[in-house]
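> Here you go, one structure.
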Amino acid sequence: MNRAKTIVSLASDVRWHVLGSSGMRLLVVGSRISIGLLMARVLGGVLRGDGPSGGAALGLAVAIALQFALVWASHRVAQATAAVTKERLRAAAFAKLVELGPGKIVGERTGEIQTLMVESIEALEAYFSDYLPALVVAVVVPLAVVAGLGFVDPWLGGTLLAFVLGAALLPILFDRPLAAKSEAGWTVYLALGAEFLDAVQGMVTLKAFGASPRRRRELEDKSDRVATEGIRTLFVALGRAAIVTAMTLGGAAVTIWLAATRAAEGKLDPATLLGSLLVVREALRPFSDLARAVHASLSAHGAAEQLHAWFAQTPPVSEVEQPEPVPKGALDIAFEHVSFGYSQREGTVVHDVSFRASAGETVALVGASGAGKSTILALLLAFVAPRSGRILVGGANTRTMKLDDLRARIAVVSQDTYLFAGTVRENLTLSRPNATPAEVEKAARAADAHEFITKLPDGYDTVLGENALRLSGGQRQRLALARAFLKDAPILVLDEPTANLDARTEATILAALRELSRGKTTLVVAHRLSNVREADRILVLENGKVVEMGRHIDLVARRGTYARLIDAQEVA
Ligand SMILES: Nc1ncnc2c1ncn2[C@@H]1O[C@H](COP(=O)(O)OP(=O)(O)OP(=O)(O)O)[C@@H](O)[C@H]1O
């Protein structure tokens, strides 16, 4: 797709704002031209010795007042265009983020997504609110003035037209190299943003491994490249600006000189001469304005490519047209010959997996790291979809359900609980926004979290920073558990919820988890096998395949993979 089309297709719903903005700018220029012509009439009258014309003077006063109002209104419309563009694009980009979901987003660089959400959209905003209206003015006004002037005096009109064409067409020679440079600059800029965020998030690791000076040098190198690319772009942009300036100043000078000559020859009256002086500048000014806005257009090219690629992504799981309702009450789970791989290149990571968890049962998934346990949970949550086979919940295929409805019936506690910037209460009620304070407290008590929450400076209203870094691992998991208690969903998914905890904290969390999973269909992933002994069924996975399945006692008696895993942990 060509570049301009790529950009415009991104904001089809702001086209009325862009048109409004352009219209207002045209009115402002129109009022400036009227002021010029009225001034010429007033001065022309004086020069002819008729004295100033009262009507023209009054018209001038009205036009000046009108221009004030139009300039103000035009700024307001430009601001509104900018705000609406940003709001619509951000909403669409965020909706896409949610649609893509963790199945797609995990593995992407957070910094790049962040730059896309903030900076690319800023760049496009400038394109829509500044560059496009400036472009419309640069097309309409010069041609209108040329036509008017040509009507009064074809020689003047023809001369001005030559410079207008020069100012419009010669800069195009620079546009291709400029766009290439700018896109290169944009790419290194994005990489710098991503790297910087990585460094901030990994600061503890960088310091602990003494790697911060090296990382700093790498960042400095990238930063130098951004500066170098910027200077290169600027160099080409200066060449372009010089051409525009030569055409606009040269065009004004030559046309005005010609007008003066024609007036000296008696072929132009003084008022028309003065009028020409004033309108010629107006015909050429839009090119200078456009040259100033060209930077916005250049950044927009890189940003638009990136946003376009973002919107073109397909989610790993798409919604069905007419979803079936998720059955009510307790739900069983069945995997039937499910196979899955994250990409064709990486092959399948889950092979022909079949198992059942009746309502209220607990099924444990065990196996070495990378065996596919978390992927099976992601399949149940429909973050990713099976390549073949079916997943049934309450007897219905999950692919026929509305994704949010399915997920509303599943509570998840994982090893890395995310806590959002906000109060403890807001974090807990994430799963049930209309929960009463009594319900929140009951859930927190059940999760053994109430006590520590009440010791926080503002209790349940204590504001946690980004990802609540000041809470301990055990406290975070207690909040995660309280969230799950509050959600009270019929299916529970536990992805190594005690992985990062010390033995004593683990014991209390496990007790709360037993309580939480009572009567719920539970899928649990655990590395520490002693934690899943009581499961109704244990699935032993190896390279994405179920190699053994049964109760703890039977699997131990088989002396197979499970027994070897247990022996290995006991030795450890
Ligand atoms: N988002 C992803 N994109 C591509 N490959 C992935 C992704 N997530 C996991 N994998 C790959 O899929 C395989 C199974 O990973 P999975 O996380 O399911 O294993 P696991 O048994 O849960 O491991 P662990 O116990 O270490 O968490 C691994 O080879 C892993 O590299």
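> Taking region 484-531 as the region of interest, how many residues are within 39 Å of the chain's Cα centre (by Cα), in a helix (DSSP H, G or I) and not aliphatic (A, V, I, L, M)?
Qualifying residue count for the region: 5.
> Has region 208-216 got any residue that is within 33 Å of the chain's Cα centre (by Cα) and surrounded by 15 or more Cβ atoms within 10 Å (Cβ to Cβ)?
Yes - at least one qualifying residue is present in region 208-216.
Conditions (1) closer than 29 Å to Ala334 by Cβ; (2) basic (Lys, Arg); (3) in a helix (DSSP H, G or I), marked per residue:
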| residue | (1), (2), (3) |
| --- | --- |
| Arg399 | yes, yes, yes |
| Arg407 | yes, yes, yes |
| Val412 | yes, no, no |
| Leu419 | no, no, no |
| Arg425 | no, yes, yes |
| Ala443 | no, no, yes |
| Asp448 | no, no, no |
| Glu451 | no, no, yes |
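> Checking Thr429 against (1) touching a strand residue (DSSP E or B) at 6+ places or on another chain (Cβ under 8 Å); (2) assigned to a helix (DSSP H, G or I); (3) under 20 Å from Glu515 (Cα atoms), which test does it fail?
(1)
> Can you name the condition, by its number, that Glu534 falls short on among (1) of a type in the set (D, E, K, R); (2) within 16 Å of the ligand (Cβ to nearest atom); (3) in a loop (DSSP other than H, G, I, E, B)?
All conditions pass for Glu534, except number (2).
> Restricting attention to region 253-266, does a residue exist that is more than 30 Å from Tyr342 (Cβ to Cβ), of a type outside the set (A, V, I, L, M) and touching a Phe, Trp or Tyr at 6+ places or on another chain (Cβ under 9 Å)?
Looking for residues that are more than 30 Å from Tyr342 (Cβ to Cβ), of a type outside the set (A, V, I, L, M) and touching a Phe, Trp or Tyr at 6+ places or on another chain (Cβ under 9 Å), one finds at least one in region 253-266, hence yes.
> Here is a list: Leu192, Leu135, Leu124. Which entry is in a helix (DSSP H, G or I) and closer than 25 Å to Leu284 by Cβ?
The unique qualifying residue is Leu135.
> Now a separate question. Anything in region 275-316 that is of a type in the set (Val, Ile, Thr) and either closer than 16 Å to Glu125 by Cβ or out of contact with any Ser or Thr (no Cβ under 9 Å at 6 or more places or on another chain) (or both)? List them, or say none.
Residues satisfying the conditions are Val279, Val294, Thr314.
> Within region 166-178, which residues are surrounded by 14 or more Cβ atoms within 10 Å (Cβ to Cβ) and in a helix (DSSP H, G or I)?
Within region 166-178, Gly166, Ala167, Ala168, Phe174, Asp175, Pro177, Leu178 meet the criteria.
> A further question on this structure: Of the residues that sit in region 336-352 and are hydroxyl-bearing (Ser, Thr, Tyr) and surrounded by 15 or more Cβ atoms within 10 Å (Cβ to Cβ), which one is nearest to the ligand (Cβ to nearest atom)?
Once the filter is applied, the top-ranked residue is Tyr342.
> Being more than 17 Å from Thr498 (Cα to Cα), buried (at least 19 other Cβ atoms within 10 Å of the Cβ) and under 29 Å from the mean Cα position of the chain (by Cα) is the filter here; which residues of region 361-397 pass it?
Thr375, Ile376, Ala378, Leu379, Leu380, Leu381, Ala382, Phe383, Val384, Pro386
> Which condition does Val320 not pass, out of (1) surrounded by 14 or more Cβ atoms within 10 Å (Cβ to Cβ); (2) touching a residue at least 60 places away in the same chain (Cβ under 8 Å); (3) not assigned by TED's automatic domain parsing to the domain that holds Trp186, if it passes all the others?
Only one criterion is unmet by Val320, namely (1).
> Cβ-Cβ below 7 Å, separation at least six or inter-chain, first residue in region 80-96 and outside the structural domain of Met24 (by TED's automatic domain parsing) and under 14 Å from His17 (Cα atoms), second of a type in the set (D, E, K, R) and crowded, with 17+ Cβ neighbours inside 10 Å: which pairs?
Hits for this filter: zero, empty list.
> Does any residue in region 122-139 that is free of Cβ contacts under 8 Å to residues at least 60 places away in the same chain come within less than 8 Å, Cβ to Cβ, of a residue that is crowded, with 22+ Cβ neighbours inside 10 Å six or more places away or on a different chain, and which pairs are these?
From region 122-139, the pairs are Glu125/Thr85; Glu125/Leu89.
> Residues that are in contact (Cβ under 8 Å) with a residue 12 or more places away in the chain and over 27 Å from Val350 (Cβ atoms): does region 530-542 have at least one?
Taking every residue of region 530-542 in turn, none turns out to be in contact (Cβ under 8 Å) with a residue 12 or more places away in the chain and over 27 Å from Val350 (Cβ atoms).
> Out of Gly341, Gly347, report the one residue that is in contact with a strand residue (DSSP E or B) (Cβ under 8 Å, 6 or more places away or on another chain) and assigned by TED's automatic domain parsing to the domain that holds Gly370.
Going through Gly341, Gly347 in turn, the sole match is Gly341.
> Of all residues in region 458-517, which are within 16 Å of the ligand (Cβ to nearest atom) and touching a Ser or Thr at 6+ places or on another chain (Cβ under 6 Å)?
Asp495
Yes or no, residue by residue, for (1) within 16 Å of the ligand (Cβ to nearest atom); (2) over 30 Å from Glu534 (Cβ atoms); (3) modelled with pLDDT of 85 or more:
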| residue | (1), (2), (3) |
| --- | --- |
| Ser318 | no, yes, no |
| Glu321 | no, yes, yes |
| Ile333 | no, no, yes |
| Ser354 | no, no, yes |
| Ala359 | no, no, yes |
| Leu377 | yes, no, yes |
| Ser388 | no, yes, yes |
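> Go through region 187-218 and report how many residues are over 12 Å from Glu112 (Cβ atoms) and in contact with a Ser or Thr (Cβ under 9 Å, 6 or more places away or on another chain).
Result for region 187-218: 6.
> Taking Val244 as the residue in question, decide whether it is touching a residue at least 24 places away in the same chain (Cβ under 8 Å), over 30 Å from Leu97 (Cβ atoms), under 27 Å from the mean Cα position of the chain (by Cα) and assigned to a helix (DSSP H, G or I).
no
> Could you say which residue among Ala382, Ala421, Ala364, Ala435 is farther than 22 Å from Glu319 by Cα and in contact with a Ser or Thr (Cβ under 7 Å, 6 or more places away or on another chain)?
Ala435
> Then there is this: Looking only at region 543-559, which residues are farther than 23 Å from Thr348 by Cβ and either surrounded by 14 or more Cβ atoms within 10 Å (Cβ to Cβ) or within 14 Å of the ligand (Cβ to nearest atom) (or both)?
Hits for region 543-559 are Gly550, Arg551, His552, Leu555, Val556.
> Would you say Tyr562 is within 16 Å of the ligand (Cβ to nearest atom) and aromatic (Phe, Trp, Tyr)?
The answer is yes for Tyr562.
The values are calculated or read from the model by the stated rules, or taken from the named source; none is laboratory data. Model, not experiment: these values are computed from the prediction. Cβ coordinates were reconstructed from backbone atoms using ideal geometry, including for glycine residues, and neighbour counts include every protein chain displayed.
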